[in-house]
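The values are calculated or read from the model by the stated rules, or taken from the named source; none is laboratory data. Keep in mind it's a predicted model, so treat the numbers as computed, not measured. Note that we place each Cβ from the backbone using ideal geometry, even for glycine, and neighbour counts take in every protein chain shown.
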Amino acid sequence: MTSLEERLARLENDRAIRDLKARYLRACDGKDLSGIRDTLLPDGAVIAFDGFPPFAGREAFLDVYRQMACVPGVFDIHHGANGIIAFETAERARGQWSLLFHSINLGTRTLTLMGVEYKDLYVKQDGRWWIAETRSQRHSCLIHSVDDAGAASVTVMGEPPTTFG
């Protein structure tokens, strides 16, 4: 049996990790590059998202994110839920999250809806939690193309395309 103090610390750390993931997702929605940067481990972050080549750290990820998402006419929502946090040590934890990704892209005239699973590794350094590793796997995809009259037609339904973006 762990002490009350240890149990309280575990609850506080669990909450801090959940808030960290929420800050990351909100920063993605808000196209807030400094907010995203502030959630990912400064040195050695592993970012491996299904459909993208591997990123060499957070700056490489932010460069691609800036090009794809931080452009006029792209509106994204990252809705994370069903978080499960498992502590390996007092300063290391793993997380699993379901993500519903919704994107409107006026440039390509597409509406995209994807079901994604995140698997994360969190580390506590200098008194705060960081996302040290984040991996995603796409499970479902629905893409509509919208014609000039505003009529949508399904172009992808079911399996996600091999690459995204």
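Just name the residue that is surrounded by the most Cβ atoms within 10 Å (Cβ to Cβ) out of those in the stretch 3-15 that are in contact (Cβ under 8 Å) with a residue 60 or more places away in the chain and farther than 18 Å from A81 by Cβ.
Of the residues in the stretch 3-15, the ones in contact (Cβ under 8 Å) with a residue 60 or more places away in the chain are 9-10, 13-14.
Then keep just the ones that are farther than 18 Å from A81 by Cβ; that gives 9-10, 13.
Details: A9: 13, R10: 15, N13: 18.
Once the filter is applied, the top-ranked residue is N13.
Kindly indicate the residue of the stretch 56-96 that is part of a helix (DSSP H, G or I) and not charged (D, E, K, R) and also surrounded by the most Cβ atoms within 10 Å (Cβ to Cβ) among those meeting that condition.
If we filter the stretch 56-96 for residues that are part of a helix (DSSP H, G or I), which is where we start, we get 58-69.
The next check asks that each one be not charged (D, E, K, R); those that pass are 60-62, 64-65, 67-69.
On the way: A60: 14, F61: 22, L62: 18, V64: 15, Y65: 18, Q67: 10, M68: 15, A69: 18.
Per the stated criteria, the residue is F61.
Based on this model, can you work out whether R92 counts as closer than 17 Å to L25 by Cα and either modelled with pLDDT of 95 or more or not hydroxyl-bearing (S, T, Y) (or both)?
Values: closer than 17 Å to L25 by Cα: no; either modelled with pLDDT of 95 or more or not hydroxyl-bearing (S, T, Y) (or both): yes.
No: the conditions fail for R92.
Could you look through the stretch 16-67, keep only residues that are among the aromatic types (F, W, Y) and farther than 20 Å from D126 by Cβ, and pick out the one that is modelled with the lowest pLDDT? Let's see the steps before the verdict.
Initial filter on the stretch 16-67 (among the aromatic types (F, W, Y)): 24, 49, 52, 55, 61, 65.
With farther than 20 Å from D126 by Cβ added as a condition, the list becomes 49, 52, 55, 61, 65.
On the way: F49: 92, F52: 87, F55: 91, F61: 94, Y65: 93.
Restricting to residues being among the aromatic types (F, W, Y) and farther than 20 Å from D126 by Cβ, the top hit is F52.
For the stretch 97-117, name all the residues that are out of contact with any Asp or Glu (no Cβ under 9 Å at 6 or more places or on another chain) and not in a strand (DSSP E or B).
L106, G107, T108
Given the options R94, R58, R23, R66, name the one that is free of Cβ contacts under 8 Å to residues at least 60 places away in the same chain and within 12 Å of the chain's Cα centre (by Cα). Outline the logic, then answer.
Values: R94 fails: within 12 Å of the chain's Cα centre (by Cα); R58 fails: within 12 Å of the chain's Cα centre (by Cα); R66 fails: within 12 Å of the chain's Cα centre (by Cα).
Criteria check complete, one pass: R23.
Say we look at the stretch 20-37 and pick out the residues that are in contact with a helix residue (DSSP H, G or I) (Cβ under 7 Å, 6 or more places away or on another chain) and part of a helix (DSSP H, G or I); which of these is farthest from I84 (Cα to Cα)? Lay out the reasoning, then the answer.
The first filter runs over the stretch 20-37 and keeps only residues in contact with a helix residue (DSSP H, G or I) (Cβ under 7 Å, 6 or more places away or on another chain), leaving 23-24, 27-28, 31, 33, 35-37.
In the following step, the residues that additionally are part of a helix (DSSP H, G or I) were identified as 23-24, 27-28, 33, 35-37.
On the way: R23: 17, Y24: 16, A27: 21, C28: 21, L33: 26, G35: 23, I36: 21, R37: 23 Å.
Only one residue fits best here, namely L33.
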